[in-house]
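Asker: If you scroll down you'll find the structure; I have some questions about it.
A short reminder: the numbers here are calculations on the coordinates, not readings from a lab. Please read all numbers here as calculations on a predicted model, not as lab measurements. In this analysis, Cβ positions are derived from the backbone assuming ideal geometry, glycine residues included, and neighbour counts consider all displayed protein chains.
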């Protein structure tokens, strides 16, 4: 009688491995289900946020009319008050020092009066500390109307404010402009918008406007009229990175400016206080110094061919 065949090892291994296939398939199923759940959750969050964005804005914080405001006063802790005044339809910083105002940042202050409110309730003196209003972060007065800024909401991106004995929640970003240092309210423009330059006497050459065209002395034939116009325009529209009260530092160079303003010819003298790491110009008539990058200083003092 023939001996039974010996078991085939390959068949045995294969047979043993076969039951594991469904287990791997299940893992993939669970992974796919998990991914679908994550996608569904993200979609729900997007839909929820979209619905929130579609919610109508709450009532405005105040009925103050921006066009009627002629003075804005900011008070913060023990710092000197910041005062802005509208003079002849132009905003100027009047305290802690006089300067032309930065219209963009003044506009940020004016937007606070119409901020949308989500919650509003009567202020109770005993509860002011709960909202940080007993020691305000800032007070902003628009003529005779005052808005007081308190604490940030612990869960929402909102800040508590008090206006006319009512407490309200408004978006937290409105707290940014009242917290600016006074220098942020100084115009970054080196020259007033209505001041038109007619001559630039720089350390190495002079640029003069005649019959609507700019010319350079000493003459440089390589420079086109368009390039000279572009160079003059860069000076006309120069904006500093920051503006500060004059430090008292002695000038190491000088630039003479001729200009017209209000149909009058006017001359200005700009002192060069530093070339690097910042290029700093001093306007003695304003008692301010304008800080530019070193690279900007090089462009303002030298005309390249491009």
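Asker: Tell me, what is the Rg over Rh of segment 66-185, with Rh the Kirkwood radius over Cα pairs? If you can, show how the numbers build up before the last one.
Answerer: On the way: Rg = 14.3 Å, Rh = 14.7 Å.
Taking Rh as the inverse mean 1/r over Cα pairs, Rg/Rh reads 0.97.
Asker: Which residues in segment 57-91 have a backbone N closer than 17 Å to a point placed 7 Å from the Cα of residue 135 along the Cα-to-Cβ line?
Answerer: Those under the cut-off are 76-79.
Asker: Sticking with this one: How much length would be gained if the chain were fully extended between residue 80 and residue 145, taking 0.36 nm per residue of separation minus their Cα-Cα distance, in nm to one decimal?
Answerer: Values: separation 65, 0.36 × 65 = 23.40 nm, distance 1.95 nm.
Between residue 80 and residue 145, full extension yields an extra 21.4 nm.
Asker: Further, regarding this structure: So, in nm, how far is label residue 39 from label residue 242 when the simple model puts each one 7 Å beyond its Cα toward the Cβ?
Answerer: Once both label points are built, they end up 5.0 nm from each other.
Asker: Using just the alpha carbons, could you tell me how many Å³ per residue the convex hull of segment 196-301 encloses? It would help to have the intermediate numbers written out before the result.
Answerer: Numbers: hull volume 11.2 nm³, N = 106.
Measuring per residue, one finds 105 Å³ for the Cα hull of segment 196-301.
Asker: Got a sec? Which residues in segment 278-300 would a label at residue 266 touch, if it sits 7 Å along Cα→Cβ and we count backbone N under 15 Å?
Answerer: Answer for segment 278-300: 283-288.
Asker: Under a point spin-label approximation (7 Å from Cα along Cα-to-Cβ), what is the residue 70-residue 210 distance to one decimal in nm?
Answerer: Once both label points are built, they end up 4.8 nm from each other.
Asker: May I ask for the distance between the Cα centers of segment 90-161 and segment 172-219, given as a whole number of Å?
Answerer: If you average the Cα positions of each part, the centres end up 32 Å apart.
Asker: Can you figure out the FRET efficiency of residue 285 with residue 176, using R₀ = 30 Å and their beta-carbon distance, to the nearest 0.05? Please report the intermediate quantities before stating the final value.
Answerer: Details: r = 31 Å, r/R0 = 1.04.
Once the sixth-power term is evaluated, E becomes 0.45.
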